[in-house]
Amino acid sequence: MADGLTHVLIAYALATLLSVRYPWITARLATVAMVGGMLPDLNRLKWVVPPETVEAAIGASFSWRPMHSVGGVAVVICIASLTVRAEYRRAVALLLALGALSHLVLDLLLVPPAGTYQYLWPLTSAEVVFPGFYSSRDRWVAPVAILLALAARSVVRRHSRSRSLERESRESPMPADG
């Protein structure tokens, strides 16, 4: 499960760092990015609900494999963003997309054949393969993700403290002479 933890933590780190530039990204919305980090792994539902079961239920051909692609994730993001109140839809869609895209980018860095998927489906069914940087079994990846998440949180805390001190200094009256 270190692979899943890594995807969640990297999505958290990205959303947290972006909250410095975009104040509308709150801690709750950073959590949405973390959920987005797991969206491509919905293809693992094949172990719980086999494609044959879904095919029998809907009466059409079905596969979980497209879930691990830009197109499959886009469909899930559209559906998920329709489940929240209208004022949050854009933010939820953007942060789910941030998390999902960070997941897909990290998976591109996996050593093949684990890093081979049809990432760009439905644009193309070609499998995108990069040379690979790490294996999903590598133990160092999760601790690095933990450190990145902690560093992002530290940066944001420092930034918010300096903003609050700045605000306090502007609001407090200057001492009178004498």
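The values are calculated or read from the model by the stated rules, or taken from the named source; none is laboratory data. Fair warning: this is a prediction, and the values are worked out from it, not measured in the lab. Neighbour counts run over all protein chains shown; Cβ positions are idealised from the backbone, glycine included. We work out accessible area using only protein heavy atoms, side chains counted, and drop any ligands, DNA or RNA first. Shrake-Rupley method; radii C 1.70, N 1.55, O 1.52, S 1.80 Å.
For segment 21-74: of the residues being over 16 Å from Ser102 (Cα atoms) and surrounded by 15 or more Cβ atoms within 10 Å (Cβ to Cβ), which is nearest to the chain's Cα centre (by Cα)? Result: Ile25.
Put simply, of Ala91, Ala11 the only residue that is crowded, with 17+ Cβ neighbours inside 10 Å, under 26 Å from Tyr134 (Cβ atoms) and touching a residue at least 40 places away in the same chain (Cβ under 8 Å) is Ala11. Flag set for Leu101, criterion: surrounded by 15 or more Cβ atoms within 10 Å (Cβ to Cβ), within 16 Å of the chain's Cα centre (by Cα) and within 21 Å of Asp3 (Cβ to Cβ). For segment 136-165, a residue qualifies if it is farther than 30 Å from Ala27 by Cβ and in a helix (DSSP H, G or I), but none of them does. Within segment 131-154, none of the residues are among the aliphatic types (A, V, I, L, M), open to solvent by 60 Å² or more (accessible area, probe 1.4 Å) and within 30 Å of Ser63 (Cα to Cα).
Figure legend. Inter-residue proximity from segment 157-172: first residues within 21 Å of Ser19 (Cα to Cα), second residues at pLDDT 80 or above and open to solvent by less than 100 Å² (accessible area, probe 1.4 Å), beta-carbon distance below 8 Å, spacing 6+ or different chains. Indicated pairs: His159/Val20.
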